[in-house]
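Each remark here refers to the structure printed beneath this line.
Rule-based calculations on the coordinates, nothing more; no lab input. What you are looking at is a predicted structure, and each value in this text was computed from that prediction instead of being measured. So basically every Cβ, Gly included, is an ideal-geometry build from the backbone, and we count neighbours across all protein chains shown.
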Amino acid sequence: MTNKSRRVVGPFNRVEGDLEVQLEINTATVDKAWVVSPLYRGYEQILQGKSPLDSLVYVPRICGICSVSQSVAAAQALAALTGLQPEPNGELATNLILANENLTDHLTHFYLFFMPDFARDSYREEPWYEQAVARFKAVTGSASKHVLPARAEFLHLMGLLAGKWPHSLALQPGGTSRAIESGEKARVVATLYGFRQFLEATLFGDSLESITSLESEQALHRWRNQFSPTHSDFCHFLHIAEQQDLHTLGRAYDRFMSYGVYHNQGQALFGPGIYDGTSQQHSTLNQSAIAEDISHTWAHYNAQAQHPFNGETLPSLDNENAYSWCKAPRLDGQPVEVGALARQVVNSHPLFLDLVNNSGGNVRNRVIARLVELAQVVIAMEKWAKQLRPKEPFCAEFVLPNEAQGFGMMEAARGSLGHWLTVKRGKIANYQIVAPTTWNFSPRDSQGQPGALELALENTPLRPSEIGQEKKNPVAVQHIVRSFDPCMVCTVH
């Protein structure tokens with residue numbers, strides 16, 4: 001006879017915004033999960049009737065930690081209204097600004113959001129526990145004194161290239177409005193050099209090129225086995241991940257999507273597409289196949305899922321099936337996973353194709369993807385910085401049409417972010433935003449398909465000390481949730 005119970009996990013600490021997870025537990029494992037976004041924002045309604053350019057003022061304020069991502073998506077949507085191409089300097093500067101924010105997020109997630117969970121009392125009996133507490137415990141761990149100064153120094157790029165962070169107005173449809181001089185270019189290059197030194201000395205304990213050249217799970221194991229478990233913070237994580245079997249936690253659909261990001265001279269550092277881990281097949285991405293289902297959303301119910309150009313945001317508490325403010329975006333009617341791991345497999349990085357083909361999308365693989373992406377993108381940033389041409393234009397002029405539609409699709413730190421914009425009579429008639437956490441933390445759709453996180457939580461084991469303890473949050477559940485790096489304030493608009 002089974003012993004089923006309900007447990008509510010939340011509110012979560014060290015998560016941007018409000019999040020609640022409802023669990024149905026069958027003795028020692030999670031049977032089902034429902035992910036609740038309890039905070040309604042209303043940005044899509046706020047933007048209606050505004051001048052299209054006003055979106056550049058409003059959307060960065062959706063979130064304080066990924067405001068650049070929202071600005072870039074809005075600028076791309078506005079540029080699409082006219083077919084505008086940004087100036088080469090503007091494209092490079094946009095890449096540098098966006099990468100600065102995305103990599104800062106990866107760093108913050110690893111050190112301040114994810115790793116402190118291994119300093120919990122739940123792990124007190126583990127042989128690695130004391131070292132994890134000394135290094136990663138929130139506030140008192142030794143990592144903080146290394147990471148926070150490096151993070152602050154790295155964010156100086158934002159002041160040089162965007163004027164301020166968050167909520168900069170420098171990102172425009174034609175590029176960036178903050179042109180830099182030769183001396184500022186030199187400071188950008190020097191700042192990147194300093195950040196590289198931190199990553200190589202502290203996070204990886206090896207060169208960035210060595211990390212990006214790892215081509216298989218076996219190669220990753222060989223690399224790690226050269227060093228002691230605490231040689232670097234990456235080694236430390238890999239050691240704990242192996243001890244706790246993190247590669248067995250949090251597997252979802254293994255269907256990955258990326259919009260592509262960091263465009264330079266017609267090429268993207270990470271290309272767009274879809275990767276199906278089950279069939280091990282790549283396919284092209286068709287944005288017209290995206291639709292938002294609201295069957296389980298607190299919204300005026302529409303049985304037909306809508307493409308964002310036709311989507312509506314009409315909040316309502318009358319939907320009896322609803323349990324979240326979050327909509328359920330689907331691609332060809334199917335849930336997908338987005339994020340750094342999705343970018344890597346869509347872009348055919350051999351290490352991540354091997355990891356996913358061996359064990360799917362999981363807690364360990366998502367964290368490794370973020371850390372390797374740090375190395376990849378810093379190398380690219382060094383090249384972009386050297387390509388900047390002071391005294392040449394950074395922003396192309398433009399005139400917006402009175403009637404048009406456009407969309408901007410890019411990659412934030414957490415995954416695929418899209419803005420869909422309709423202009424009529426010179427004003428915004430409709431503006432729909434689908435954020436990465438909207439994809440990953442979506443509720444069920446009209447077919448009963450759970451979102452990526454909801455599926456990833458199914459079959460999660462509880463530790464012996466957590467069984468029957470209704471007020472105790474299962475630590476494995478927290479690892480899975482954090483492996484997606486949720487940003488709940490971006491989820492609902």
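Numbers below:
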read-out	value
10 Å Cβ shell holding at most 10 others, DSSP loop, trypsin sites (Lys or Arg not before Pro): longest site-free stretch of the chain	1-390
Options PHE204, GLY163, PHE227, ranked by Cα towards positive dipole end of the stretch 130-235, top entry (Cβ charges)	GLY163
Whole-Å semi-axes of the ellipsoid equivalent to the stretch 378-493 (Cα gyration tensor, √5λ, descending)	41, 24, 10
Separation of alpha-carbon centers, the stretch 59-88 and the stretch 166-181, rounded to whole Å	10 Å
Residues CYS326, CYS63, CYS490, CYS395 arranged by fewest to most Cβ contacts within 10 Å	CYS395, CYS63, CYS490, CYS326
Neighbour-limited loop hits for GluC sites (Glu not before Pro), the stretch 437-476 (at most 11 other Cβ within 10 Å; DSSP other than H, G, I, E, B)	GLU470
For the chain, calculated [θ]222 nm from helices alone, where every DSSP H run of n ≥ 4 adds -39500 (n - 2.57)	-10500 deg cm²/dmol
Farthest positive-ward along the stretch 4-490 dipole, Cα basis, beta-carbon charges - from THR297, LEU81, SER51	SER51
Residues with amide H under 5 Å from that of GLY260, placed H, sequence gap 5 or more	GLY273
The stretch 4-490 - convex hull of alpha carbons, volume per residue in Å³	129 Å³
Cα-centre dipole for the chain with unit charges at Cβ (Lys and Arg positive, Asp and Glu negative), debye to 20	780 debye
Derived scalar couplings ³J(HN,Hα) [the stretch 227-233; Karplus, 6.51 cos²θ - 1.76 cosθ + 1.60; whole Hz; x for Gly, Pro]	10, 6, x, 10, 4, 8, 5
Contact order relative to length of the stretch 4-490, as percent, for alpha carbon pairs under 8 angstrom and 6 or more apart	25 percent
Entries in LYS32/LYS327; LYS50/LYS386; LYS137/LYS164; LYS164/LYS424; LYS391/LYS427; LYS145/LYS327 that, when Cα-Cα distance is taken, lie over 28 Å	LYS50/LYS386; LYS137/LYS164; LYS164/LYS424; LYS391/LYS427; LYS145/LYS327
Positive-end residue of PHE118, GLY194, CYS487, charge dipole of the chain with Cβ unit charges	GLY194
